[in-house]
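Nothing in this text is a laboratory measurement; each read-out follows from the coordinates by a stated rule. Keep in mind the model is a prediction, meaning the values are calculated, not measured. Don't worry about glycine lacking a Cβ; one is built from the backbone with ideal geometry, like all the others, and counts go over all protein chains shown.
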Amino acid sequence: MRSAAILPTLLLLLTAACGDTSLTRTLPNVTGSTGEVMVVMERALWEGAAGAAVRDHVGANLIGMPQPEPAFRLMPVNPEGFRDIYISHRNVILAKTDTEKSGPEVIFSRNRWAETQLVIEVAAPDTLSLAAAIRDNGEVIRKKINDVERERLTAWLAKSAGKERSRLMTDVGSWELLLPAGYEPDFNRRGVMMISAETPSTTQSVIVSVSDRKMSRMDCFELADLTEKLISAEVSGPDPGSFMVIEKRVQTSCRSFRRDSTDYIEMRGLWTLEGGFMGGPFISYAFIDKESSLPVVVTGFVYAPGDEKRELLRQVEALMYTLKKTP
């Protein structure tokens, strides 16, 4: 969140819908497909600066995709049309001007009209400040939607997997990854394993590796090196001598963050075949195992020639973060 850019009067809240704790309250399931965001605002706002801010800062194109794909499918709806099945949509942005507001306001709430629903309300006294509020908070809005979508996908993957897990054994413990329906183990030997889901037109894969070299810290260059060594050694192409590498002609993105008391480094970019003609998007993350000081590298990739890859990659990303160390 770019706090320096936030307007001083902006109110940023994460709340739950009133009545969520009631034992008698029942809500319908959310509607819509993964990655869809319903944007409720007046047509004039959508066609003006506020709508442009949503498109440019919430639904901007993803980094590390072979062709332009927006982060979300934005679905504009006029306020008078926001009723019936629309109100149970999975992700909703309610944007409006309100002259009674003293300044911009952004409020996040969950389970308003449906289970797992995310509702983001953005209000400001005029159109310029409304656009500024969306623009300045685009990053946090995008992150919140991504987090909620990953949450839903993880629950779906866990239900699909049941008790099925793929376990990786190492000299310093074992790690478990969900094995959802449709996924099969490719290989599993000490320190490295890979699972994949394949259809006639797509491949989704996750590789987990625990290095034997102790480290105290990791940066983006080290993650890129570990990732390329892992994929080039473990993933070969259909042509003799071909193997997977990181595409160097396309910019990769790298970020660090903290989750559940663990520091992560995450990279996104494109993979390609050395000696072949295949490619697609990948995500790779790593962290240092506190008990052993060994780096754990998890890489997910998608191959889907001619198809959109955003949601396939989102599914892979959710699966990657189900990795857990077992006693």
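Annotations
- Sorted peptide list for 306-317, 247-258, criterion being average Cβ within 10 angstrom, highest first: 306-317, 247-258
- For region 88-105, backbone phi angles converted through the Karplus equation (6.51, -1.76, 1.60; θ = phi - 60°) give residue-by-residue couplings of 9, 4, 4, 10, 10, 10, 9, 10, 7, 9, 8, 5, 7, 6, 7, x, x, 9 Hz, Gly and Pro being listed as x.
- For the chain, the relative contact order comes to 16 percent (Cα pairs under 8 Å, sequence separation of at least 6).
- Computed over all pairs of different Cα atoms, the Kirkwood value for the hydrodynamic radius of region 162-326 is 16.1 Å.
- Among 37-48, 163-174, sorting by the average number of other beta carbon atoms lying within 10 angstrom of each residue, highest first, gives 37-48, 163-174.
- Residues in region 293-327 that a label on Thr116 would reach, taking backbone N under 12 Å of a point 7 Å out along Cα→Cβ: none
- Each residue of region 42-56 was assigned a 3J(HN,Hα) from its phi angle through the Karplus expression (A = 6.51, B = -1.76, C = 1.60, θ = phi - 60°), giving 4, 4, 4, 5, 4, 7, x, 5, 5, x, 4, 5, 4, 5, 7 Hz with x at Gly and Pro.
- Net dipole in debye of the chain [+1 Lys, Arg Cβ; -1 Asp, Glu Cβ; about Cα centre; nearest 20]: 560
- Principal-axis tilt of helix 220-234 within the chain, Cα atoms, nearest 10 degrees: 50
- Helix 138-161 and the long axis of the chain differ in direction by around 60°, with both axes built from C-alpha atoms.
- For region 215-274, alpha-carbon Rg and Dmax in angstrom: 13.5, 44
- Highest to lowest packing among 76-87, 265-276, scored as the average C-beta count within 10 Å: 265-276, 76-87
- Set of aspartates and glutamates with alpha-carbon distance to Lys159 below 20 Å, sequence-local pairs under 8 removed: Glu115, Asp147, Glu149, Glu151, Glu176, Glu184, Glu198, Glu311, Glu317
- Using the Cβ-Cβ distance between Ala52 and Ala181 with R0 set to 51 Å, the FRET efficiency works out to roughly 0.80.
- Top of Asp260, Asp225, Asp126 by mean-square fluctuation, Gaussian network on the chain, Cα under 10 Å: Asp260
- Near Asp186: Cβ cut-off under 12 Å, other residues only, Lys/Arg at +1 and Asp/Glu at -1. The net charge is -2.
- For Ala53, net neighbour charge (Lys/Arg +1, Asp/Glu -1) across residues whose Cβ lies under 11 Å away: 0
- Label point at Arg213 placed 7 Å out along Cα→Cβ; residues across region 280-302 whose backbone nitrogen lies under 11 Å: 295
- In this Cβ point-charge picture (+1 for Lys and Arg, -1 for Asp and Glu), region 27-152 has a dipole of about 280 debye about its Cα centre.
- With a cut-off of 15 Å between beta carbons, the residues surrounding Ser174 carry a summed charge of +2, where Lys and Arg count +1 and Asp and Glu -1.
- Globularity index of the chain, i.e. its alpha-carbon radius of gyration over 2.2 N^0.38 Å: 1.09
- Computed on region 162-326, with alpha-carbon pairs under 8 angstrom and 6+ residues apart, the relative contact order is 24 percent.
- For region 212-327, lysine pairs separated by 8 or more sequence positions, or belonging to different chains, with Cα-Cα distances below 16 Å total 4.
- The dipole here belongs to region 195-250: it is taken about the Cα centre, uses +1 on the Cβ of Lys and Arg and -1 on the Cβ of Asp and Glu, and is about 180 debye.
- Per-residue 3J(HN,Hα) values for region 71-78, derived from phi via the Karplus relation 6.51 cos²θ - 1.76 cosθ + 1.60 with θ = phi - 60°, read 4, 9, 8, 7, 10, x, 9, 5 Hz in sequence order (x marks Gly and Pro).
- Angle between the chain longest axis and helix 127-136 axis [Cα atoms, degrees, rounded to 10]: 20
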